[in-house]
Amino acid sequence: MKKGNTVFFKNKPRISSFAAICGSKEKEGVIGGYADVTLDDDMYGESTYEKAECKMLTNAVSLAIEKGGFKERDIDVMFSGDLLNQIISASFAARDYDFPFLGVYSACSTMSESIMLAAMLVNAGYIGRAVAATGSHFASAERQYRYPLELGCTRPPQSQWTVTGAGGCVITDAKEGIKITSATMGRVCDYGVTDVNNMGAAMAPAAADTFMQHFRDTGSSPEDYDMILTGDLGALGSRIVKDLTWEKGYDISENHVDCGEIIYKVIETEFQGGSGAGCSAVVLNSYVLSKMRAGLYKRILFAATGALLSTVSSGQGESIPCISHAVDLEY
Amino acid sequence: MGQEILDIFLAFLKAFAVGGGICLIAQIIINFTDLTAGKILVYFMLAGVVLTAIGVYQPLVDFAGAGATVPISGFGYLLANGAMKGAERGFFYAVTGSLAAASAGVTAAVVFAFLMALIFKSRTKRN
Amino acid sequence: MTGKTGENYNNNYLNYVKTQDPPTRHFKNCAAAFGVGGLICCIGQFIRLMLEYAGLTGDELAGTTSVILIFLGCFLTGLGVYDRIGRYAGAGSIVPITGFANSVTSPAIEFKTEGWIYGMAAKMFTVAGAIIVFGVFSGVLVGLVYYFI
C-alpha cells in the first residue's frame with residue numbers, strides 16, 4: 001500500500017539480527033561498547049584500504065547472518081552499496097557468498113535505501129530473508145573524494161570525518177524482531193550548495209523534505225517517535241534540519257539525533273562529526289538497534305542522508321544534489 | 001666578532017619575518033576565500049614570476065635571503081630569473097632558461113618522491 | 001520544498017547557511033601560518049649559511065639549499081609527519097618549497113597501490129603538475145618578453 005511517497009508494510013517485515021564493525025577512532029566513542037568487532041589497525045590485516053573496507057563489509061554481513069542463527073543458504077538476496085566508484089567494496093564482498101546480490105548506490109543513505117528495498121521484497125512475499133549492509137573507510141574515501149592522506153592541508157571547520165566501519169542487518173518475514181512498518185522514498189533535493197566541505201548544509205534540505213513527507217503520509221507527528229535519527233548531517237546540518245522543519249510547523253528538536261554527531265566527540269570549530277555510508281550503518285546496527293531491542297526505544301524514524309556528488313561533478317562546478325530515505329522502525 | 005653574530009641574527013630575523021609574512025598573506029587568502037592548497041601554490045608561484053619580471057622580487061631576495069626564496073614564490077622567482085638571464089644570451093635560452101634554472105628543484109622533487117614511495121606507505125589518520 | 005522552486009529560494013537558503021557557518025579562527029590560523037612559515041624559512045637560511053661556509057656560491061648555493069629543503073619535505077611526508085604540521089599550520093606549511101615537495105610525494109605514496117607506472121609515477125604530479133605547467137608557461141612568456149624588448 002502506498003500513500004504519497006510512503007509505502008506501508010502490512011506484513012511487517014522484521015530486522016532479525018544486526019552486526020557492526022568499527023575502526024579504532026570510532027571505538028573510543030559511544031558506539032565502541034556496542035559494535036561487535038572493533039579494529040585496532042585500520043588496515044585490518046590487508047594490503048590496501050579498499051581491501052580493508054571490503055573485508056569489514058564481508059565480516060559485518062557474515063556476523064549479522066550468524067547472530068540471527070541463519071546459515072548462508074537461508075539468505076535469499078543481499079542489498080549493499082558503498083562510497084567507492086562502481087561500488088567495488090560491496091560487489092567484492094558479495095563474491096564471497098552464494099546468494100544473489102543487488103547493488104545499491106545512494107551515497108551515505110545506502111543503509112536506509114537497502115533496508116527499505118529489502119523490506120519491500122520481504123513484505124511482498126517474494127523472498128523470506130534478505131541482508132542489507134553497507135560500509136565506508138576513512139582512508140579510501142579520503143583518497144577518492146579529497147586528497148592523498150599525506151598531503152598537508154587544513155580541514156575547514158564545516159568538514160566531516162568519514163567513518164571507518166561497516167554494518168549489516170538481516171530482514172526477514174519472522175514473527176519477532178524489530179518491525180519495519182513503513183518507508184518513505186526520498187526525492188532528490190538540491191538547494192544549490194556547492195561547497196563540498198559543507199555536506200551537512202547540502203543534505204539537510206533532503207532530510208527535512210523526507211521527514212515532512214513521512215509525517216504527512218503517515219499522519220504522525222514528531223512526538224510519536226522516541227528518536228528521529230539522521231545519518232550524517234553533523235552538528236551544523238542538524239541545526240539546519242531542525243530550523244527547516246520548524247519553519248514548516250514540525251518541531252523535531254526534542255527527539256532528533258544525528259549519527260554523525262554522536263559517533264565522535266565533536267569540536268565544532270574543527271569538524272562537525274562523522275559522515276560516510278558507514279556512519280549510519282555502524283550507529284544503527286550497534287547502538288540504536290541494541291537499545292531498541294532492550295526496550296529503551298519503542299519507535300524510531302531512521303532517515304540516512306546522502307550527497308549524490310562525484311569528484312567530476314564538483315570539479316565542473318555543479319551543486320550537490322542530495323537524497324534521504326526514511327524507514328519507520330517499531331519494537 | 002660581535003658585529004658578525006649580529007648580522008647573522010638579523011639575517012635570520014629578516015628571513016623569519018618575510019617568509020612568515022608571505023605565508024601569512026596566503027593564510028588570510030585561504031581564510032576568506034576557500035582556495036585549496038593546489039590553487040594557492042599556483043597563484044603564489046605566478047605572483048613570484050610576475051613580481052620578478054617587474055623587478056620587485058629581486059630586492060626582496062637581497063633583503064631577506066631564504067625568507068624570499070624558500071616560499072613557492074621563490075620558485076617563481078627562480079623561473080623568471082632564469083628566463084630573464086637566458087633572454088640576454090639569445091632566443092633559444094630565453095625559452096629554455098626558466099626550466100633550466102628550476103631543474104634542481106624539479107629533479108629533487110621527482111627523485112626524492114620516488115624514493116619515499118619505495119620506502120613508505122600512506123597511513124590513515126585519527127584526527 | 002525541492003530545489004525546483006527557483007534560484008531565489010536557493011539564494012535565501014545559501015545566505016542562511018552562511019549565517020550558520022562555524023567561525024573561522026582567524027587569529028590562531030594566521031599566527032600558526034606566520035610562525036611555521038617563518039620557521040621553515042629560518043631553516044632554509046640556516047642551510048644556506050652552512051653551505052656558504054662550505055664554500056658554495058651563487059646558483060649552486062641557492063639550488064643546493066632548495067634540494068635539501070625538498071628532501072626534508074619529502075622525508076617528513078614519508079614519515080607521516082608533514083600532514084600533521086599542515087593540519088596545524090595551514091598556509092605556513094603549504095607555501096614554502098617543502099609544501100611543494102609534500103604535494104609531489106603524497107600522491108606518489110598514496111597511489112602506488114595502483115601500480116608503479118600508472119599509479120605512483122603518473123599520479124605523482126596530480127597536485128604539483130599545475131605548478132610546473134603554469135611555471136614553465138609563464139617563465140617562457142617572461143623570457144620572450146625580455147628577449148623582444
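The values are calculated or read from the model by the stated rules, or taken from the named source; none is laboratory data. Only a predicted model underlies this, so the values are computations on that prediction, with no experimental measurement involved. Methodologically, a virtual Cβ is constructed for each residue, glycine included, from the backbone with ideal geometry; neighbour enumeration extends over all protein chains shown. Side chains are part of the model used for accessible areas, which takes the heavy atoms of the whole protein and leaves out ligands, DNA and RNA. Shrake-Rupley method; radii C 1.70, N 1.55, O 1.52, S 1.80 Å.
How large is ³J(HN,Hα) for each residue in region A:191-196, as worked out from phi by the Karplus curve 6.51 cos²θ - 1.76 cosθ + 1.60 (θ = phi - 60°), to whole Hz, x for Gly and Pro?
For region A:191-196, the Karplus curve yields 9, x, 6, 10, 6, 5 Hz.
Using a 1.4 Å probe on protein heavy atoms only, how many Å² of accessible area do C and B hide from each other, summed over both chains and rounded to 100? Walk me through the numbers before you get to the answer.
Details: alone 11320 and 9360 Å², together 15000 Å².
Using a 1.4 Å probe on protein heavy atoms, the buried area is about 5700 Å².
Over chain C, what is the relative contact order in whole percent, taking alpha-carbon pairs under 8 Å and six or more residues apart? Kindly include the intermediate steps, with their values, before the conclusion.
Values: 105 pairs, mean separation 27.9, N = 149.
Relative contact order of chain C: 19 percent.
Return one whole number: the accessible area per residue of chain C in Å², for a 1.4 Å probe.
47 Å²
Counting alpha carbon pairs within less than 8 Å and at least 6 residues apart, what relative contact order, in whole percent, applies to region A:230-273?
Working: 47 pairs, mean separation 22.3, N = 44.
The normalised contact order for region A:230-273 reaches 51 percent.
Is the shape of chain B rounded, prolate or oblate, going by the alpha carbon gyration tensor and its root eigenvalues a ≥ b ≥ c, with a/c under 1.5 for rounded and a/b larger than b/c for prolate?
It is rounded, given that a/c, with a ≥ b ≥ c, falls under 1.5.
Scan around residue A:193 for amide H atoms under 5 Å from its own, H built in the peptide plane at 1.01 Å from N, and keep only partners 5 or more places away or cross-chain.
Residues meeting the criterion, in which the H sits 1.01 Å from N, are A:320.
Go through A:26-32, B:4-10, A:226-232, A:108-114 and give me the packing order, highest mean Cβ count within 10 Å leading.
A:108-114, A:226-232, A:26-32, B:4-10
Please compute the average number of Cβ atoms from other chains found within 10 Å of each residue's Cβ in peptide C:70-77.
That average works out to 6.
If a helix is a whole DSSP H run, which ones in chain A reach 27 Å or further along their own axis (Cα) and hold a mean Kyte-Doolittle hydropathy of at least -0.5?
Length and hydropathy pass: A:199-218.
Tell me: how much accessible area in total is hidden between A and C, 1.4 Å probe, Å², nearest 100?
Buried surface at the A/C interface: approximately 3100 Å².
May I ask which of A:55/A:242; A:265/B:39; A:67/A:179; A:51/A:175 have a Cα-Cα span longer than 29 Å here?
A:55/A:242; A:265/B:39; A:51/A:175
Just want to confirm a number: the relative contact order over region A:99-163, from Cα pairs under 8 angstrom separated by 6+ residues, in percent.
Rounded, it is 24 percent for region A:99-163.
Any idea of the accessible area per residue across region A:1-155, 1.4 Å probe, to the nearest Å²?
38 Å²
Over chain B, give the accessible area per residue in Å² for a 1.4 Å probe, as an integer.
47 Å²
Determine, for each peptide in C:66-74, B:110-118, the mean count of other beta carbons within 10 angstrom over its residues, then list the peptides with the highest first.
Highest to lowest by the protection proxy: C:66-74, B:110-118.
Excluding same-chain residues fewer than 8 positions from residue A:248, which aspartates and glutamates have a Cα within less than 14 Å of its Cα?
A:209
What does the highest-first list of A:261-267, A:277-283 look like by mean Cβ count within 10 Å?
A:277-283, A:261-267
Report the net charge of residues surrounding residue C:54, where surrounding means a beta-carbon distance below 12 angstrom and charges are Lys +1, Arg +1, Asp -1, Glu -1.
Once positives and negatives cancel, what remains is -1.
How much of the accessible area of chain B, probe 1.4 Å, is carbon plus sulfur, in whole percent?
Looking at chain B in its full context, I get 72 percent from C and S.
In whole angstrom, note down how far apart the Cα centers of region A:148-202 and region C:77-110 are.
So the separation of the two Cα centres works out to 29 Å.
At a Förster distance of 51 Å, what's the computed FRET efficiency of residue A:181 paired with residue A:73, Cβ-Cβ distance as r, to 0.05?
0.95
As an exercise, use a Förster radius of 56 Å and the Cβ-Cβ distance of residue A:290 and residue B:91 to find the FRET efficiency, rounded to the nearest 0.05. Write out the running numbers ahead of the final one.
Working: r = 76 Å, r/R0 = 1.36.
Efficiency at R0 = 56 Å is approximately 0.15.
Could you give me the ³J(HN,Hα) list for region C:15-22, computed from phi with Karplus coefficients 6.51, -1.76, 1.60 and θ = phi - 60°, whole Hz, x at Gly and Pro?
For region C:15-22, the Karplus curve yields 5, 5, 4, 4, 5, 8, 4, x Hz.
Keeping the other protein chains in place, figure out the carbon and sulfur percent of the accessible area of region A:114-157, with a 1.4 Å probe.
Numbers: 620 of 1140 Å².
On region A:114-157, the fraction of accessible area on carbon and sulfur atoms equals 55 percent.
Across peptide C:10-21, how many C-beta atoms of other chains are within 10 Å of each residue C-beta, on average?
The mean count of partner-chain Cβ atoms within 10 Å per residue comes to 5.
Decide, for region B:1-74, between rounded, prolate and oblate: order the square roots of the alpha carbon gyration tensor eigenvalues as a ≥ b ≥ c, take rounded if a/c falls under 1.5, and otherwise choose prolate if a/b is larger than b/c, else oblate.
Here region B:1-74 falls in the oblate category.
Show me, for region A:10-22, the HN-Hα J-couplings you get by feeding each phi into the Karplus relation (A = 6.51, B = -1.76, C = 1.60, θ = phi - 60°), rounded to Hz, glycine and proline as x.
Listing the rounded values in order: 6, 8, 6, x, 10, 8, 7, 8, 8, 8, 9, 10, 9 Hz.
Please list, in chain and number order, the residues 5+ apart from residue A:162 or on another chain whose amide H is under 5 Å from its amide H, with Hs placed from the backbone.
A:275
Distance between Cα centroids, region C:25-73 to region A:258-279: provide it in whole Å.
If you average the Cα positions of each part, the centres end up 38 Å apart.
Consider a paramagnetic label point 7 Å from the Cα of residue B:35 along Cα→Cβ; state which residues of region B:5-29 have an amide N under 14 Å from it.
Residues B:22-29 fall inside that zone.
Return the average number of partner chain Cβ atoms within 10 angstrom of each residue Cβ along peptide B:84-90.
The per-residue average across the peptide is 4.
Sequence-distant or interchain residues sharing an amide H contact under 5 Å with residue A:227, placed H: which?
Close amide H contacts, sequence-distant or interchain: A:299, A:301.
With r defined as the distance between the Cβ atoms of residue C:21 and residue C:60 and R0 fixed at 45 Å, what FRET efficiency is calculated, to the nearest 0.05?
It comes out at approximately 0.35.
Accessible area of region A:207-331 with a 1.4 Å probe: how many percent of it is carbon plus sulfur?
47 percent
For a test of the definition: using alpha carbon positions, the gyration tensor, and the 1.5 limit on a/c, classify region A:52-174 as rounded, prolate or oblate.
prolate
Post the alpha-carbon centroid distance, region C:120-136 to region B:78-127, in whole angstrom.
If you average the Cα positions of each part, the centres end up 10 Å apart.
Are there any residues in region C:123-149 with a reduction of at least 50 Å² in accessible surface when going from the isolated chain to the assembly of protein chains? Probe 1.4 Å, please list them by number.
For region C:123-149, once contacts with the other chains are taken into account, C:127, C:131, C:142, C:146, C:147 lose 50 Å² or more.
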